[in-house]
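All remarks here apply to the structure that follows.
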Amino acid sequence: MERVLGPRGSALALWQARHVKQRMETLHPGLEVRIEIIKTEGDLRVDVPFGEMPGKGFFVKEIEAALLSGTIDLAVHSLKDMPSELPDPLVLAAVLSRHDPRDAVLSVEGWEFDGLPRGTVLAPGSPRRRCQLLHARPDLRTTEVRGNVDTRIRKLREGQFGALVLALAGVQRLGIDSVPVRPIPIEVSLPAVGQGAVTVETREDDA
């Protein structure tokens, strides 16, 4: 029996998809899970800040369309990317054990968030992080950053900004050690809802 799983094409999305594939095939001998990469609006429009993109679900709409059409049987998402309402008849069928939900600051110098020099240009990656981090450190400056994790770290190492903020779960899942990673206390940066958790979306009527 074969089932088709549709993730995004980023390194982190593929890690998550392969992890779900391995779990499913281990639990159900004889089951084969094939991965079919789907490009989403969020992946294609990397030149547009999230706050300027109309609508919502930038990383899931095209994947949900593939689910509804029957092109794929399962979708794997970062739970934090999911809208609060799903189109009928789609459901979240499973949520894997949650990883560390904290944000983390990455810098070539290995600074903790509290130790960032005044005036450091920070690339927080989301309005949520920007608001909270500037509330804690109004002496910092921020800049927009888009692209996958590897792209953002490359920009950091090139000196396009002084520090980068990412979800700790994604950094650890990808085994990134090219720059120091320092977790940010939850009291400083409250994580996004569902951050650190992977979810599987399916059609409700598909046993």
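The values are calculated or read from the model by the stated rules, or taken from the named source; none is laboratory data. In this text, all values refer to a predicted model and were calculated from it rather than measured experimentally. Backbone-built Cβ (ideal geometry, glycine too); neighbour counts: all protein chains shown. Calculation scope for accessible area: heavy atoms of the full protein, side chains included, ligands and nucleic acids excluded. Shrake-Rupley method; radii C 1.70, N 1.55, O 1.52, S 1.80 Å.
So residue 189 fits all but one of (1) polar (S, T, N, Q); (2) open to solvent by 20 Å² or more (accessible area, probe 1.4 Å); (3) assigned to a loop (DSSP other than H, G, I, E, B); what number is the exception?
Only one criterion is unmet by residue 189, namely (2).
When you scan the range 65-73, do you find a residue that is closer than 22 Å to residue 207 by Cα, touching a helix residue (DSSP H, G or I) at 6+ places or on another chain (Cβ under 9 Å), at pLDDT 95 or above and open to solvent by less than 70 Å² (accessible area, probe 1.4 Å), even just one?
So far as the range 65-73 goes, yes, one or more of its residues are closer than 22 Å to residue 207 by Cα, touching a helix residue (DSSP H, G or I) at 6+ places or on another chain (Cβ under 9 Å), at pLDDT 95 or above and open to solvent by less than 70 Å² (accessible area, probe 1.4 Å).
Every residue in the range 151-207 that is basic (Lys, Arg) and under 15 Å from the mean Cα position of the chain (by Cα), please.
152, 173
Give me the residue from the range 105-143 that is assigned to a loop (DSSP other than H, G, I, E, B), open to solvent by 40 Å² or more (accessible area, probe 1.4 Å) and touching a Leu at 6+ places or on another chain (Cβ under 8 Å) and, out of that set, nearest to residue 181 (Cα to Cα).
The extreme case among them is 108.
Just need a number here: residues in the range 153-171 that are part of a helix (DSSP H, G or I) and under 11 Å from residue 124 (Cβ atoms).
Counting residues in the range 153-171 that are part of a helix (DSSP H, G or I) and under 11 Å from residue 124 (Cβ atoms) gives 0.
Out of the range 1-43, which residues are open to solvent by 40 Å² or more (accessible area, probe 1.4 Å), charged (D, E, K, R) and either in a loop (DSSP other than H, G, I, E, B) or without any contact (Cβ under 8 Å) to a residue 24 or more places away in the chain (or both)?
Hits for the range 1-43 are 8, 18, 21, 25, 36, 39.
Go through the range 69-91 and give me each residue that's polar (S, T, N, Q) and not in a loop (DSSP other than H, G, I, E, B).
69, 78
Answer yes if at least one residue in the range 165-188 is at pLDDT below 95 and farther than 22 Å from residue 9 by Cβ, and no otherwise.
yes
Only one of (1) surrounded by 15 or more Cβ atoms within 10 Å (Cβ to Cβ); (2) of a type in the set (Ser, Thr, Tyr); (3) modelled with pLDDT under 90 fails for residue 78. Which number is that?
(3)
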